[in-house]
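Here's the structure we're looking at; comments come further down.
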Amino acid sequence: MCTLLIVEDEEILLERLVKTIDWESIGINKVIGIARSEEALNVLITENVDIILTDIRMPIMDGLDLAEFVHSRLKHPLSGYKEFEYAHRAIKLGVVDYILKPFTKEEVLETVKKAVEKVAAEQSRQQRLDSCENKNIIDMVFDFIFANCSKQISLNDVAEYVHLHPVYLSRLLKNKTGKTFKEILTEVRLKKAEKLLKTSSLKHYEIAEAVGFSDAQYFSQVFKKVYGMTPIEWKKQVLENKARLKI
């Protein structure tokens with residue numbers, strides 16, 4: 001759903017545009033009507049506007065001056081005139097379309113619908129980019145933790161590595177994995193401990209140190225909570241299973 005800002009200095013026409021058109025039918029859930037273009041600047045600062053339907057010929061600041069203001073803000077201006085000199089400048093400013101006065105409700109709806117579709121396409125594209133970027137970040141986090149889990153690493157260390165604020169990274173991890181940083185760190189450490197128990201002759205306290213647990217007893221408690229047995233018991237079971245397979 002989109003927010004539409006209508007800027008029109010003819011107040012009767014402005015009221016008609018705001019109140020008599022079924023904007024929800026094309027995906028507009030909020031409409032803001034402004035009669036003065038300079039007031040529209042305040043709206044653009046305080047509201048998350050997606051599309052602007054503006055008259056071009058207005059006093060003080062015309063519609064193209066307004067379009068120029070929003071050109072770098074990812075808005076989608078539409079104009080109410082189609083004269084060449086205006087059209088030429090408008091194209092440079094990223095105006096999506098033009099509506100020639102006088103116009104019908106159907107013409108307005110159809111034109112704004114194009115902008116809504118463009119907004120939806122760009123939002124979808126941005127979501128795909130964000131999703132891909134976030135996946136890369138999550139992969140980097142896991143790689144960093146796996147490579148450094150023997151050290152006493154913190155969320156701040158990982159955030160610095162991926163160039164994100166710790167609070168943002170914490171929320172991203174929870175949102176994408178359903179786990180906190182501490183839970184992920186513990187999970188990685190236990191997976192690495194499991195591998196060492198299977199493949200090395202290290203004692204359980206040596207493995208605890210190798211995967212970042214400074215207290216071997218605490219390591220055993222955490223391991224038992226996840227695997228249902230202590231590291232020593234788990235390794236014994238693995239060895240017994242191997243012996244059965246050889247027989």
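List of remarks:
- Residues of segment 20-46 satisfying the condition of being assigned to a helix (DSSP H, G or I), over 12 Å from residue 116 (Cβ atoms) and either of a type in the set (Asp, Glu) or over 30 Å from the mean Cα position of the chain (by Cα) (or both): 37, 38, 39
- Qualifying positions in segment 24-35 - surrounded by 14 or more Cβ atoms within 10 Å (Cβ to Cβ) and without any contact (Cβ under 8 Å) to a residue 60 or more places away in the chain: 30, 31, 32, 33, 34, 35
- Residue check for residue 169: assigned to a loop (DSSP other than H, G, I, E, B) and either free of Cβ contacts under 8 Å to residues at least 40 places away in the same chain or aliphatic (A, V, I, L, M) (or both): no
- Residues of segment 149-174 that turn out to be among the small types (Gly, Ala, Ser) and farther than 27 Å from residue 196 by Cα, as a count: 2
- Every pair of residues 6+ apart whose Cβ atoms lie under 8 Å, when the first sits in segment 96-117 and is touching a residue at least 12 places away in the same chain (Cβ under 8 Å) and under 15 Å from residue 8 (Cβ atoms) while the second is in a strand (DSSP E or B) and small (Gly, Ala, Ser): 98/79; 99/79
Yes/no per residue for (1) acidic (Asp, Glu); (2) over 20 Å from residue 238 (Cα atoms):
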residue	(1), (2)
142	no, yes
152	no, yes
185	no, yes
193	no, no
206	yes, no
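- As for segment 206-221, it holds no residue that is free of Cβ contacts under 8 Å to residues at least 12 places away in the same chain and under 30 Å from residue 27 (Cβ atoms).
- Residue list for segment 178-197, restricted to those being β-branched (Val, Ile, Thr) and surrounded by 15 or more Cβ atoms within 10 Å (Cβ to Cβ): 184, 186, 188
- The residue that is surrounded by the most Cβ atoms within 10 Å (Cβ to Cβ), counting only those in segment 95-137 that are in contact with a helix residue (DSSP H, G or I) (Cβ under 7 Å, 6 or more places away or on another chain) and in a loop (DSSP other than H, G, I, E, B), is 95.
- Within segment 139-172, being under 27 Å from residue 207 (Cα atoms) and of a type in the set (A, V, I, L, M) holds for 140, 141, 145, 147, 153, 155, 158, 159.
- Of all residues in segment 161-177, those being surrounded by 13 or more Cβ atoms within 10 Å (Cβ to Cβ) and not hydroxyl-bearing (Ser, Thr, Tyr) number 8.
- Residues of segment 198-213 that are part of a helix (DSSP H, G or I), among the aliphatic types (A, V, I, L, M) and surrounded by fewer than 19 Cβ atoms within 10 Å (Cβ to Cβ): 210 alone.
- The set of residues in segment 1-19 that are part of a strand (DSSP E or B) and either closer than 15 Å to residue 105 by Cβ or hydrophobic (A, V, I, L, M, F, W, C) (or both) comprises 2, 4, 5, 6, 7.
- Some residue of segment 230-242 being among the β-branched types (Val, Ile, Thr), at pLDDT below 90 and assigned to a helix (DSSP H, G or I): yes
- Identity of the residue in segment 138-158, touching a Leu at 6+ places or on another chain (Cβ under 8 Å) and part of a loop (DSSP other than H, G, I, E, B), that ends up modelled with the highest pLDDT: 153
The values are calculated or read from the model by the stated rules, or taken from the named source; none is laboratory data. Keep in mind that this is a model prediction, so the values were computed, not measured. No Cβ is skipped: glycine too gets one built from the backbone with ideal geometry, and neighbour counts run over all protein chains shown.
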